[in-house]
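Q: What follows is a single structure, and I will ask about it in a moment.
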Amino acid sequence: MLLAFGNFTADPSVNLQLLIGGLALGAIYAVVALGFVLVYKSTDVLNLAHGEFLMLGAYFALTFLVSENLNFFLGVFVLLLVMLVFGLLVHYGIMRRMVGQGFFAIVLITLGIATIIRALLLIFYGPTERARLDLLPQGSFEIGGATVRHVDLIIFAVVAGCVLLFFAFFKYTRLGLHMRAVADDIEAAAAMGIDPDKVYAMTWAAAMVMAGLGGLLFGHVTGAIDRSIEAIGLRAFPAAVVGGLTSLGGSIVGGLVVGVIEQFANGHLGTKWREPVAFSVMFLVLLVRPTGLWGRKDLERV
Amino acid sequence: MTAVESSAARPEAHTYRPSAFQRILPFAIAAVVPFILGATTSDVSFWWKALITVIVLVAVARLAWKWTPRGELTHREDMRLWRTPSDRSWAAATTFGLLVLPFILASDFTPPMDFPWATWFAVVNLVLIFAMGAAAFNLLVGYSGQISLAHVAFLALGSIVGGIVGVQWSSGNMWLALPASAVAGAVVGAISGLPALRLKHLYLLLATFGFHFVMMLVWREYLQEYFGFVGIRFKGENSPRIASWLHWLPGIDPDQNGEFVITGQFRWYWVIMPITVLSILFMVNVVRTREGRAFAAVRDRDVSASLLGINVARSKLLAFAVSSAVVAMSGTLASFYIGSRGEDSFNVQTVLNYAIIIVVGGFSSIQGAIFGSAFFWFLPEWFKWAREELWLVRDIDFLSDYPSEIDLAIKGFLVVIILMFKPDGLAGMWRDLKAWLGRKLAGSQA
């Protein structure tokens with residue numbers, strides 16, 4: 001049969017395990033979606049290279065924390081610093097010249113950046129896969145017959161912390177105000193004396209730092225670190241869209257919703273249904289509410 | 001007013017009309033001479049043939065240039081596909097080149113410095129197939145402005161239809177599978193274009209990308225249901241062949257077992273080249289018609305287009321249908337040419353490859369799709385040659401240690417550099433070169 005359905009089970013502990021697994025997956029999606037949202041919100045660029053940024057973060061985490069064996073906090077600091085420099089490089093080297101170009105040209109240039117990062121990582125790290133990171137506490141505990149890993153809780157806490165931090169940043173700091181102003185109307189903001197160039201640079205740097213953090217966290221839960229982990233960038237798309245591409249809090253909700261739906265599709269229908277179901281949910285949300293659940297309402301309808 | 005005055009002032013001698021015979025003659029020479037050159041086998045050396053080829057190439061282009069209608073053109077003459085002397089001479093030269101190319105590649109000539117000649121034939125065939133698919137992609141994304149990443153989904157659809165019609169129903173009837181996949185591509189393409197009626201830009205891109213994943217699910221399910229993990233075999237007993245009642249055609253001499261199977265680069269070239277040329281001509285003509293102009297109008301401003309009386313919804317769906325039909329056809333052709341399609345034949349990287357092709361070649365230009373796919377397939381070959389043979393370059397160990405990775409990096413850097421500094425790509429460079437040459441020539445005459 002072409003569309004063979006898997007076995008539906010009503011066993012509560014299985015469903016609870018799926019729910020918890022889905023929430024854990026959703027937390028990772030939220031990390032990635034937050035990166036999309038940060039860039040899209042202030043620069044209007046759909047960054048298809050975010051998965052590669054994340055991969056870059058994971059490989060740098062390998063270098064600094066495993067090969068160089070730095071102290072954990074020092075290593076993370078160095079990692080995030082390096083990613084910040086890379087973010088500035090992406091803006092001043094490439095994206096700055098693309099301001100004002102057509103939408104699809106900018107999407108394609110992020111694909112070009114993704115290709116370059118992938119090729120350079122292959123050259124410098126080779127195609128062999130590495131063991132996943134084990135620097136965060138590895139234990140787990142049980143709730144009602146379902147296993148909860150400590151790593152998942154930490155990831156969730158980090159994402160929630162980041163979102164709160166960004167909320168506070170956008171609301172209470174001067175730079176955050178500038179970012180919102182530029183996102184709203186770049187010309188008016190520039191007329192008010194805000195330097196959009198600087199704001200964009202800070203945005204890319206922040207997105208890269210988020211990707212570094214995401215790579216570090218994702219490196220703990222992925223099967224192995226190799227060049228296939230860039231796919232997380234694509235798989236997190238539905239999460240970002242369902243939450244709304246302009247909403248920070250939406251990325252968490254979207255991530256959790258899509259993560260849980262995917263995990264249930266995975267458990268009840270089979271692994272191959274994971275991506276189609278997630279993208280179908282995204283498609284439905286697009287048709288009903290094109291800006292996502294919490295997105296900005298200035299979408300141009302056709 | 002100046003236009004009228006100058007045309008009135010222009011002397012009669014400037015209007016020139018070649019006879020029908022003169023208009024056709026360059027193209028007739030371009031069509032016949034390659035076969036004469038190809039039929040004379042080893043008694044003339046390669047260099048003599050190359051010399052003759054170049055002389056004929058120049059002569060054909062010259063004649064086509066000379067015998068072009070000039071002066072006051074009628075509306076019908078103005079609407080011709082090849083209107084200017086330059087267009088006509090390029091068309092004649094391209095015809096000649098396309099027909100003489102397989103004979104050159106099939107000859108047992110070894111160029112100096114081990115320049116990669118033997119592998120070129122396969123590359124040329126791939127270039128032709130990819131040019132067809134990329135041109136259709138450009139028609140949708142460039143001319144019609146409908147952003148879609150569901151491109152590879154239609155290649156997979158072409159493989160599915162090829163598998164059903166060409167492998168399961170009949171063993172190797174590609175001639176039926178090609179039109180079937182065009183029809184299937186048009187229908188599914190119009191359906192996949194439905195979100196375009198409601199969504200635009202970013203959101204349309206995401207919706208079509210969702211369609212990509214749904215199609216990949218269908219592809220995997222289809223494979224596992226009927227073919228298992230080895231994938232579909234389009235080779236061997238499933239190779240396309242010429243029916244026996246057509247064996248009287250010139251140039252077709254059946255093999256030992258009385259069949260004429262399409263295998264080997266030379267035979268494939270004569271199947272792929274006409275299909276590619278016809279479908280590219282078809283798309284060039286679509287762009288010139290009312291529908292094609294409607295595509296561009298909808299792209300530039302859909303509200304104004306609808307006020308001009310263009311049915312925007314119909315125009316968008318038609319763009320999706322035409323593009324998807326050609327892409328699905330190129331998918332079927334590629335499946336039969338490559339010989340097998342498996343689970344991992346289509347992935348996100350394939351989408352990226354087509355994006356690289358249309359960016360490097362030149363966005364929203366059908367010519368650019370041809371340049372881009374030629375570049376995409378020839379770059380690895382030339383790079384490999386440079387790595388192994390070229391003086392100085394072959395001494396850099398770093399290059400030969402990471403061949404495919406550096407390939408990928410070159411492509412990525414090129415995409416970024418071209419988008420930043422030369423957004424119209426290779427096709428734009430070609431136009432600039434022609435304009436520069438024209439200025440130079442005009443300057444020397446003055």
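Each reported figure results from applying straightforward, stated rules to the coordinates on display, with no laboratory input. This one's a predicted model, so the numbers in the text were calculated from it and none came from an experiment. As a convention, Cβ positions derive from the backbone with ideal geometry for all residues, glycine included, and neighbour counts pool all protein chains shown.
Q: With the contact rule set at Cα under 8 Å and sequence spacing of 6 or more, what percent relative contact order holds for chain B?
A: Reported relative contact order: 21 percent.
Q: Of all alpha-carbon pairs in the range A:12-288, indicate the percentage at a distance above 33 angstrom.
A: Looking at the range A:12-288, the distances longer than 33 Å represent 20 percent of pairs.
Q: To continue, here is another question. Taking only C-alpha pairs under 8 Å that are 6+ residues apart, what is the relative contact order of the range B:124-348 in percent?
A: Dividing the mean separation by the residue count of the range B:124-348 yields 44 percent.
Q: Which longest run of chain A has no exposed loop site in it, a site being GluC sites (Glu not before Pro) in a DSSP loop with at most 15 other beta carbons within 10 Å, and the site itself not part of the run?
A: A:130-299
Q: For an R0 of 51 angstrom, estimate the FRET efficiency from the Cβ-Cβ distance between B:Leu390 and A:His268 and round to the nearest 0.05.
A: E(calc), rounded to 0.05, equals 0.30.
Q: Beyond 31 Å, what share of the Cα-Cα pairs of chain B remains, rounded to the nearest whole percent?
A: Of the Cα pairs, 50 percent sit more than 31 Å apart.
Q: Next question, about the same structure. Quick one: of A:Lys41/B:Lys200; A:Lys198/B:Lys200; A:Lys41/A:Lys171; B:Lys200/B:Lys316; B:Lys384/B:Lys434; B:Lys316/B:Lys411, which pairs are farther than 21 Å apart, Cα to Cα?
A: A:Lys198/B:Lys200; B:Lys384/B:Lys434; B:Lys316/B:Lys411
Q: Same structure, new question: Sort A:117-125, B:59-67 by the packing proxy (mean of other Cβ within 10 Å over each peptide's residues), most packed first.
A: Most protected by this proxy first, the peptides run B:59-67, A:117-125.
Q: Just grab the label-to-label distance for A:Tyr92 and B:Arg76, each label 7 Å out from Cα along the Cβ direction, in nm (one decimal).
A: Simple spin-label model gives 6.5 nm for this pair.
Q: Label-point separation (nm) for B:Phe46 and B:Ile191, each offset 7 Å from Cα along Cα-to-Cβ?
A: Computed distance between label sites B:Phe46 and B:Ile191 equals 5.2 nm.
Q: Shifting gears a bit: Over the Cα atoms of the range B:154-276, compute the convex hull volume and normalise it per residue, giving Å³.
A: Value for the range B:154-276: 140 Å³ per residue.
Q: Hey, what D do you get for the range B:124-348 in µm²/s if you plug the Kirkwood alpha-carbon radius into Stokes-Einstein at 25 °C and 0.890 mPa s?
A: 135
Q: Equivalent-ellipsoid semi-axes (√(5λ), Cα gyration tensor) for the range B:331-373, whole Å, largest first?
A: Working from the Cα gyration tensor, I get semi-axes of 23, 13, 6 Å.
Q: Considering amide H positions built from the backbone, and no H for Pro or chain starts, which residues 5 or more places from B:Ser340, or on another chain, come under 5 Å of its amide H?
A: The list, which skips near neighbours in sequence, is B:Phe234.
Q: For the range B:380-430, compute Rh as the Kirkwood radius over C-alpha pairs and then the Stokes-Einstein diffusion coefficient at 25 °C and 0.890 mPa s; write the answer in µm²/s, rounded to an integer.
A: Calculated translational D: 201 µm²/s.
Q: For B:Gln256 and B:Ile410 in the same chain, what is the full-extension length gain: residue separation times 0.36 nm, less their Cα-Cα distance, in nm?
A: Answer, rounded to one decimal: 50.8 nm.
Q: Taking a ≥ b ≥ c as the square roots of the Cα gyration tensor eigenvalues, with a/c under 1.5 meaning rounded and otherwise prolate when a/b beats b/c, else oblate, which class fits the range A:174-302?
A: Oblate, because a/c is 1.5 or more while a/b does not exceed b/c.
Q: Using alpha-carbon pairs under 8 Å, 6+ residues apart, how would you state the relative contact order of chain A in percent?
A: 36
Q: Taking the protein assembly as shown on its own, what percent of its Cα-Cα pair distances exceed 41 Å?
A: 39
Q: Considering all projection directions equally, how large on average is the shadow of the alpha-carbon convex hull of the range B:252-363, in square nanometres?
A: Across all orientations, the range B:252-363 yields a mean hull projection of 10.2 nm².
Q: Which whole-Hz couplings ³J(HN,Hα) result when phi for each residue of the range B:80-94 is put into the Karplus expression 6.51 cos²θ - 1.76 cosθ + 1.60, θ = phi - 60°, listed in order with x for Gly and Pro?
A: 4, 5, 10, 9, 8, x, 4, 4, 5, 6, 5, 4, 5, 5, 5
Q: With a point put 7 Å past each Cα toward its Cβ, work out how far B:Arg220 is from B:Asp432 in nm, to one decimal.
A: Taking the two extended label points, one gets 4.4 nm.
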